[in-house]
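Take a look at the structure below.
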Amino acid sequence: VFRLEARPNPSKSWSVASPLLALAITVLIGVIIFAVMGKAPLIALSMFFWEPIKSAYALSELAVKATPLLVIALGLAVCFRSNIWNIGAEGQFVIGAICGGGVALLAEKHTGVWIVAAVLLAGTLGGMLWAAVVALLRDRFNANEILTSLMLVYVATFLLTYLVFGPWKDPNGYNFPQSKTFEMVTQIPRLMEGSRVSIGLIIALIGVGALWVYLFRTFSGFQLQVGGLAPHAARYAGFSSRKALWTALLISGGAAGLAGALEVAGPIGQLTPYVPAGYGFAAIIVAFVGRLHPVGIVFAAILMSMFYIGGELAQSRLGLSKSLTGVFQGLLLFTLLACDTLIAYRIKWYGWKR
Amino acid sequence: MNEFALLVAATLSAGTVLAIAALGLLINEKAGIVNLGAEGLMLCAAIAGFATVVHTGNDWIGFLAGMGAGALLAALFGVMVIWLNTNQYATGLALSLFGAGISAFMGVTYVQEKLPERASFSLPFLSDIPLLGTAIFKQHPLVYLAFFLALAIVVFLYKTRAGLVLRSVGESPESAHALGYPVRRIRLLAVMFGGAMCGLAGAYLSIVYTPLWVEGMVAGKGWIALALTTFATWRPARVLLGAYLFGGVTMLQFALQSRGVEISEQLLSMTPYIATIVVLALISRNPAWIRINMPQSLGKPFYPGA
């Protein structure tokens, strides 16, 4: 019926249009789902695309959700550009939260504000350590990083539940599995009164700039991308694939760990079994939808946090399940991958008869 | 001793989930396609099977529903990677994320549901043998099916012409195409078979093994099944062995707990995942060995005439 015909060069315009087309198809499927569930599609859609941006407060909540997604996705972009499939950012996020939270628990009432820096540093180092395990296993034992990084997500999550059910459980917490609430001094400083937006957003935006410079203005970033696009060319040029592996995993692990520390010392304020909220997996979608480009990732992170907030609103106001968020996230990645075919191929229609 | 027999029985039951899924995935990997969506397929099949049993009260219709759901989603994946040439890793990952989302969404109303009381299975005469009867012959029929499946796959892959064609599609799709075999259709069928088996495994999990529905209940078993095909260097008999070894690791944790060993439940729960990492590292240590055994076109796209 039709054939794909390889384009001589990848289409620039389709690489921008494809995420938009994918979003349009996802919304269309969403409308069908809402209609089937007996909800007015327009009202349901407004939960996702209007409510999160309609007021200054709503926008600030959007930024709160977008911050961890942005930070993690920036790191993942480095990994995916060098063709290293770190899909365990969720685990690195959790370890970052554990390490950051561990330092925050040490703080006392009169500890100085420097503790915030220590919390963030501990989170970053923790995430790097967790990703380093993946790098080591790949480097030394040739073990597939997809499987090892994913298995480590489960290990990290069980470590967190062990800590909050055991040694770090709040003795005055009525036996709830959670740590004691962190001292106020560890709270990530907020940008303004009346909103939860913290300096985490500034850090994320600095990350956007840093990633742009790293990818497009440094030799190391160049080497990394050549290794991802054309491993043979990279080897011929003498670029070390081992160095690329370690760099990419340490950067992405550190970013995910930082996001974890920002999250526990920011909006959450203590360690609970509910710290893993799927940001690490959603960030994979953010990275792809954002075309692995720092600026694209900003838009994708905003879109993805709309999905999160919309899902919560759809649950509280329309009685739809919050898990709708996950459905839309998955659908978006699916449709994006399908639409991306148009970047490298054009569709040639032969009619129904052959 | 009776305790040991019960442990063996539990191991067989736990290993069955992994065995059925991994044997299915083996077929699509032999045809050159890696399906990282196994976890998502199993989740969707688990809720599809569970919901069907809640409504019909018949386990077997539930298994069929699980297989159908698995095959259908796998077909979607297959069309994308085979005809639209999308990246196999990314598409599989999308399937896993989507499966986790849609199964949670569909399953909301089934979280509190219970399945009707079921008859226990036992083979006549054999189950009366002391010890051995308890250990091996009082299992759900699907446990024995896993063995037949492994046997059937060995015969299919290495003793039939169709199996040879399937392997050639995985080793060298260009040659198979040049010989006139419909490479893409064969790959789609293999992917759908893998999906159906993942579906059966997922339905077994929610209908027989647990039996209830909880969000995310597959808990990485799809990923472990994917790792198993590598552990087994793509040999069916070794897949079966690996599946029961991992079933044993899972059960060991409960056995230790019941004996009052002083290790936290959460730390013990890590063992199957850590074991997967360790075994994967040990098996992959020799890249040449993996390369010799791996289907040569595994994970690579094939587009005739492109």
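Some observations on this one:
Condition check ((1) touching a Leu at 6+ places or on another chain (Cβ under 9 Å); (2) of a type in the set (K, R)) across all residues:
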site: A:L23; (1), (2): yes, no
site: A:V31; (1), (2): yes, no
site: A:K39; (1), (2): yes, yes
site: A:W50; (1), (2): no, no
site: A:A56; (1), (2): no, no
site: A:E61; (1), (2): no, no
site: A:V64; (1), (2): yes, no
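Residues checked against (1) aromatic (F, W, Y); (2) within 14 Å of chain A (Cβ to nearest Cβ):
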position: B:G101; (1), (2): no, yes
position: B:G107; (1), (2): no, yes
position: B:Y110; (1), (2): yes, yes
position: B:R118; (1), (2): no, no
position: B:A135; (1), (2): no, no
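- Annotation: of all residues in region A:265-284 being part of a loop (DSSP other than H, G, I, E, B) and on the phi < 0 side of the Ramachandran plot, the one that is surrounded by the most Cβ atoms within 10 Å (Cβ to Cβ) is A:L271.
- Residue satisfying condition, being at the interface with another protein chain (Cβ under 9 Å from one of its Cβ atoms), modelled with pLDDT of 95 or more and either part of a helix (DSSP H, G or I) or surrounded by 22 or more Cβ atoms within 10 Å (Cβ to Cβ) (or both), within set B:L72, B:L76, B:L97: B:L76
- Residue in region B:162-180 that is within 25 Å of the chain's Cα centre (by Cα) and in a loop (DSSP other than H, G, I, E, B) present: no
- Residue among A:L201, A:L205, A:L163, A:L211 that alone is of a type in the set (A, V, I, L, M) and either over 20 Å from A:A66 (Cβ atoms) or in contact with an Asp or Glu (Cβ under 7 Å, 6 or more places away or on another chain) (or both): A:L163
- Qualifying positions in region B:102-157 - at pLDDT below 90, among the polar types (S, T, N, Q) and closer than 30 Å to A:V36 by Cβ: B:T109, B:Q112
- Residue within region A:89-108 that is over 30 Å from A:P189 (Cβ atoms), crowded, with 24+ Cβ neighbours inside 10 Å and hydrophobic (A, V, I, L, M, F, W, C) present: no
- Inter-residue pairs, beta-carbon under 9 Å, first more than 8 Å from every other protein chain (Cβ to nearest Cβ) and over 20 Å from A:L106 (Cβ atoms) and in region A:153-175, second surrounded by fewer than 21 Cβ atoms within 10 Å (Cβ to Cβ) and among the basic types (K, R), 6+ apart: A:N175/A:K169
- Selection status of B:M294, buried (at least 16 other Cβ atoms within 10 Å of the Cβ) and facing chain A (nearest Cβ under 8 Å): no
- Test: B:I283 is within 14 Å of chain A (Cβ to nearest Cβ), under 24 Å from the mean Cα position of the chain (by Cα) and without any contact (Cβ under 8 Å) to a residue 60 or more places away in the chain: yes
- Scanning region B:246-280 for residues that are among the hydrophobic types (A, V, I, L, M, F, W, C), free of Cβ contacts under 8 Å to residues at least 12 places away in the same chain and more than 7 Å from chain A (Cβ to nearest Cβ), we see that the one that is farthest from A:Y154 (Cα to Cα) is B:V261.
- As for region B:66-74, it holds no residue that is over 30 Å from B:L132 (Cβ atoms) and without any contact (Cβ under 8 Å) to a residue 40 or more places away in the chain.
Quick grid of which residues meet (1) at pLDDT 95 or above; (2) of a type in the set (S, T, N, Q); (3) crowded, with 19+ Cβ neighbours inside 10 Å:
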{"site": "A:L160", "(1), (2), (3)": "yes, no, yes"}
{"site": "A:F165", "(1), (2), (3)": "no, no, no"}
{"site": "A:K180", "(1), (2), (3)": "no, no, no"}
{"site": "A:M184", "(1), (2), (3)": "no, no, no"}
{"site": "A:P189", "(1), (2), (3)": "no, no, no"}
{"site": "A:S198", "(1), (2), (3)": "no, yes, yes"}
{"site": "A:L205", "(1), (2), (3)": "yes, no, no"}
{"site": "A:G209", "(1), (2), (3)": "yes, no, no"}
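- Residue in region A:234-252 that is touching a residue at least 24 places away in the same chain (Cβ under 8 Å), touching a Cys at 6+ places or on another chain (Cβ under 6 Å) and either of a type in the set (S, T, Y) or surrounded by fewer than 22 Cβ atoms within 10 Å (Cβ to Cβ) (or both) present: yes
- Where helices (runs of 4 or more DSSP H) fall entirely within region A:38-151, those with at least 1 residues that are within 28 Å of A:K180 (Cα to Cα) and touching a strand residue (DSSP E or B) at 6+ places or on another chain (Cβ under 8 Å) are at A:56-81.
- All positions within region B:190-215 that are surrounded by fewer than 24 Cβ atoms within 10 Å (Cβ to Cβ) and touching a Leu at 6+ places or on another chain (Cβ under 7 Å): B:P211
- The set of residues from region A:2-37 being among the small types (G, A, S), over 28 Å from the mean Cα position of the chain (by Cα) and not in a helix (DSSP H, G or I) comprises just one member, A:A6.
- Counting residues in region A:337-345 that are under 17 Å from A:G30 (Cβ atoms) and among the hydroxyl-bearing types (S, T, Y) gives zero.
- Residue within region A:256-263 that is in contact with a Phe, Trp or Tyr (Cβ under 8 Å, 6 or more places away or on another chain), small (G, A, S) and within 14 Å of chain B (Cβ to nearest Cβ) present: no
- Listed by first and then second residue, the pairs linking a residue in region A:1-15 that is away from chain B (no Cβ under 14 Å) to a residue that is among the hydrophobic types (A, V, I, L, M, F, W, C), with Cβ atoms under 6 Å apart and 6 or more places separating them unless they lie on different chains, are A:S11/A:I343; A:S15/A:I343.
- Exclusive hit being buried (at least 18 other Cβ atoms within 10 Å of the Cβ) and among the hydrophobic types (A, V, I, L, M, F, W, C), set A:V213, A:V133: A:V133
- Test: residue in region A:340-350 that is assigned to a loop (DSSP other than H, G, I, E, B), surrounded by fewer than 20 Cβ atoms within 10 Å (Cβ to Cβ) and either more than 14 Å from chain B (Cβ to nearest Cβ) or not small (G, A, S) (or both): yes
- B:I82 vs. criteria part of a helix (DSSP H, G or I), hydrophobic (A, V, I, L, M, F, W, C) and over 17 Å from B:E29 (Cβ atoms): no
- Test set (1) at pLDDT below 95; (2) surrounded by fewer than 22 Cβ atoms within 10 Å (Cβ to Cβ); (3) touching a helix residue (DSSP H, G or I) at 6+ places or on another chain (Cβ under 8 Å) - A:L125 fails condition number: (1)
- The number of residues in region A:125-148 that are closer than 23 Å to A:P167 by Cβ and touching a residue at least 24 places away in the same chain (Cβ under 8 Å) comes to 5.
- Test result for B:S122, farther than 18 Å from A:L331 by Cα and not in a helix (DSSP H, G or I): yes
The values are calculated or read from the model by the stated rules, or taken from the named source; none is laboratory data. Source: prediction; values computed, not measured. No Cβ is skipped: glycine too gets one built from the backbone with ideal geometry, and neighbour counts run over all protein chains shown.
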